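All remarks here apply to the structure that follows.
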Amino acid sequence: MSLIKKFASVGGATMASRILGFAREAMIAAFLGAGPVADAFYAAFRFPNLFRRLFAEGAFNSAFVPLFAKELETGGKTAARQFAEQILSVLILVLLILSALAMVFMPMLVGTIIAPKFAQDPEKFELTVLLTRIMFPYLIAMSLVAMFSGILNAFRRYFLAAFAPVVLNIIFIAVLAFGGFVELSDGELGQAMAWGVFVSGLLQLCLLIYGIQKKASHYRCACRELRPL
């Protein structure tokens, strides 16, 4: 029954994410259509999302989860906590440096990597730079979310990691609905959506931190062991 329950909870969260994702895309199409703001937003969102997939959910997560699980099995919770602290320290440092460099050189990145052809339209180019800068810290949040998801998965807790993407879609839908209600312009709505991405990253991170703290309490580690996380 435990396996069926876990399968149902994770499957339900994934299904909700897909349905809300479809609703999100439909609302974006309805409010922005295929105009320059939509082009700028999708180009800007694709860049931190690409780094998230490569950095957070790619090689890093594939390496971290089995190593953490091994430390947990062989050395216990204390050894696993120390291992996670070391990885977290390095990860935060690398992400902060990467984000700072990206913020400074964002116009060059947009002009050479993200959307080179946008340089022919200065207004669209500047909007893409602005939206990318707003959304890029999403990479930091999602990289930490990926790490904390791996920790929860090692403890065989899967629901929160599966539910986290739902938060992004909920925030998107809420921002779009609010923007339509107050009749924001396309440019203002694009910026509101970018801030929604930023906020959703913070909320997902808080959700996973809550899950780890709850698991720490369950194992009687309290906040003493997982507080650095």
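Projecting each Cα onto the charge dipole of the stretch 65-154 (Lys/Arg +1, Asp/Glu -1 at the beta carbon, about the Cα centre), which of PHE68, VAL104, VAL90 comes out farthest on the positive side? Towards the positive end, the residue furthest out is PHE68. Take every pair of alpha-carbon atoms less than 8 Å apart whose residues are at least six positions apart; their mean separation over the length of the chain yields a relative contact order of 31 percent.
Determine the calculated [θ] at 222 nm for the chain from helices alone, applying -39500 (n - 2.57) to every DSSP H run no shorter than 4 residues and normalising by the residue count; nearest 500 deg cm²/dmol. Walk me through the numbers before you get to the answer.
Details: 9 runs with 190 residues, N = 229.
The helix contribution divided over the chain gives -29000 deg cm²/dmol.
Ordering ALA38, MET27, ILE140 by the projection of their Cα atoms onto the charge dipole of the chain, which places +1 on the Cβ of Lys and Arg and -1 on the Cβ of Asp and Glu, puts ILE140 at the extreme positive end. Structural descriptor for the stretch 85-163: relative contact order 27 percent, calculated from alpha carbon pairs under 8 angstrom and at least 6 residues apart.
Among the lysines of the chain, pairs that are 8 or more positions apart or on different chains and have alpha carbons within less than 22 Å of each other number 8. Charge dipole of the stretch 62-220 (Cα centre as origin; +1 on each Lys and Arg Cβ, -1 on each Asp and Glu Cβ, all else neutral): 940 debye, rounded to the nearest 20.
Values in this text are rule-based calculations from the coordinates and carry no lab data. Computed from a prediction, not measured in an experiment: that's the story for all the values here. Quick reminder, even Gly has a Cβ in these numbers, built from the backbone with ideal geometry, and neighbours come from all protein chains shown.
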